[in-house]
Each structure stands twice: as structure tokens, then as C-alpha cells.
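Encoded as C-alpha cells, the structure appears first; notes follow it.
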Amino acid sequence: FAVDSIPAVFGVTRDPFIVYTSNLFAILSLRSLYGFVQGALEELRFLQPAVALVLGFIGAKMLADLGGYHVPTLTSLEVVAGLIGGGVGASLLLPEPEEEEA
């Protein structure tokens, strides 16, 4: 579960305390959020594309870091929050059209 989140955490910070504690909490207690996230994905149609964009951003940030360009942590958090917030906001403002019965 938490092994795949380690690169994502390193994409945000290199602080070993944050990496360790975030994965510790992921292993110990955050599994219960899967039900919540699944329900949110069903209700919020733009959340899944927003999460995909977040993962793409983190991957690009890690590649940029390999190339010698460092994206500040605050900037990363702002981008992630903006993408997730935008996905939720778009889902709430633009609900899925209802299908008409034939």
C-alpha cells in the first residue's frame, strides 16, 4: 500500500521525517479512507482526472529534479491543492447531465 506512495512523498519533500510519518500513517490508519474516496470518485466526475493530473505533475517534478531544476515545496502544494480543488469545484458546478428515458 504505502510503497507506491514513497515516490509521491519524495516529489513533495525530501524531509525524512515527513516521508516516514506520512507512510507510517498510511500503513496504520488511512486505509479506511478508501471507502470515502471511492464514494467521492463516484459523485465527483472530475476528481479522477484531477488526481491523474496531480500524479503527472509529481512525475514531471521528479524528472525536473533529476535534471537539476528544483520546484519549491510550497509551489508543489499549491499546484496539488489547486488541481484537486479545481476537480471538486468543477464537479460541483457542472453536474453530470441526467439521462432521459426513452
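The values are calculated or read from the model by the stated rules, or taken from the named source; none is laboratory data. Since the structure is predicted, the reported quantities are computational estimates derived from the model, not experimental observations. Side chains are part of the model used for accessible areas, which takes the heavy atoms of the whole protein and leaves out ligands, DNA and RNA. Shrake-Rupley method; radii C 1.70, N 1.55, O 1.52, S 1.80 Å.
Using a probe radius of 1.4 angstrom, the carbon and sulfur fraction of the accessible surface of the chain is 69%. Helix 33-43 and the long axis of the chain differ in direction by around 40°, with both axes built from C-alpha atoms. Average 1/r across all pairs of distinct alpha carbons in the chain, invert it, and you get the Kirkwood radius: 15.4 Å.
For the chain, take the longest principal axis of its alpha carbons; what is the angle in degrees between that and the long axis of helix 73-93, to the nearest 10 within 0 to 90? Between the helix axis and the principal axis of the chain, the angle is about 10 degrees. With the helix formula -39500 (n - 2.57) applied to DSSP H stretches of n ≥ 4, the chain reaches a computed 222 nm mean residue ellipticity of -23500 deg cm²/dmol. Accessible area ranking (1.4 Å probe, heavy atoms, ligands and nucleic acids excluded), largest first, for Glu42, Glu98: Glu98, Glu42. Roughly what angle does helix 16-28 make with the longest principal axis of the chain, taking Cα atoms, 0 to 90 degrees, to the nearest 10? Once rounded, one gets 40 degrees.
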